[in-house]
1. Looking at (1) farther than 17 Å from Gly21 by Cβ; (2) in contact with a helix residue (DSSP H, G or I) (Cβ under 7 Å, 6 or more places away or on another chain), which is the one condition that is false for Phe82?
2. Please pick out the residue among Asp104, Asp66 that is of a type in the set (Asp, Glu) and under 15 Å from Lys11 (Cα atoms).
3. Does Val14 fit the bill of being farther than 16 Å from Ile86 by Cβ and in contact with a helix residue (DSSP H, G or I) (Cβ under 9 Å, 6 or more places away or on another chain)?
4. I'm trying to understand the selection: among the residues of the stretch 34-53, which are out of contact with any strand residue (DSSP E or B) (no Cβ under 6 Å at 6 or more places or on another chain) and of a type outside the set (A, V, I, L, M)?
5. Give me a count of the residues in the stretch 98-125 that are at pLDDT 90 or above and either over 25 Å from Thr7 (Cβ atoms) or in a loop (DSSP other than H, G, I, E, B) (or both).
6. So if I check each of Lys23, Lys31, which one is closer than 21 Å to Thr132 by Cα and free of Cβ contacts under 8 Å to residues at least 24 places away in the same chain?
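The values are calculated or read from the model by the stated rules, or taken from the named source; none is laboratory data. For clarity, every value in this text was computed on a predicted model and none was experimentally measured. Reconstructed Cβ throughout: ideal geometry from the backbone, glycine too, with neighbour counts over all protein chains shown.
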Amino acid sequence: MRKETKTIRVKGRVFSGTGEGAKFIKLSWVKDQIREKMGFTPYEGTLNLRLNGEDKKVKKALEEADSVIILPESGYCRGKCFKARIMESVDGAVIIPEVEGYPDDVLEVIAPINLRERFRLKDGDYVELSLTFE
């Protein structure tokens, strides 16, 4: 029996990361899997969002939901992906690295375009996502 598809809305505040997400997304095997499994070639960077309040509970729910898995090459961690609609206009995904100690209040957003440029975002701006999962 097929599970019911759910869509939830979440809002997070943009912040500058360490660049680790961008390094991961630039790897050819990561790009290939995202293209194959999510349907787009990702821009070589992630948009970091910090969640607070009720939205932090969304991250917990995602960690237990069915997701698209990015399988790692040796020495790398797995990543869980969820389809996302960003600011009601761009299709992309949220990728959650399965690495110990990863902050529970952070989402990394990927898309086929540079989201900071597209929405003229700066640190502190809010971004809304609609996430789809089973």
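1. (1)
2. So the residue among Asp104, Asp66 that is of a type in the set (Asp, Glu) and under 15 Å from Lys11 (Cα atoms) is Asp104.
3. The answer is no for Val14.
4. Matches in the stretch 34-53: Arg35, Glu36, Gly39, Phe40, Thr41, Tyr43, Glu44, Gly45, Asn52, Gly53.
5. Of the residues in that region, 13 qualify.
6. Just one listed residue meets the conditions, Lys31.
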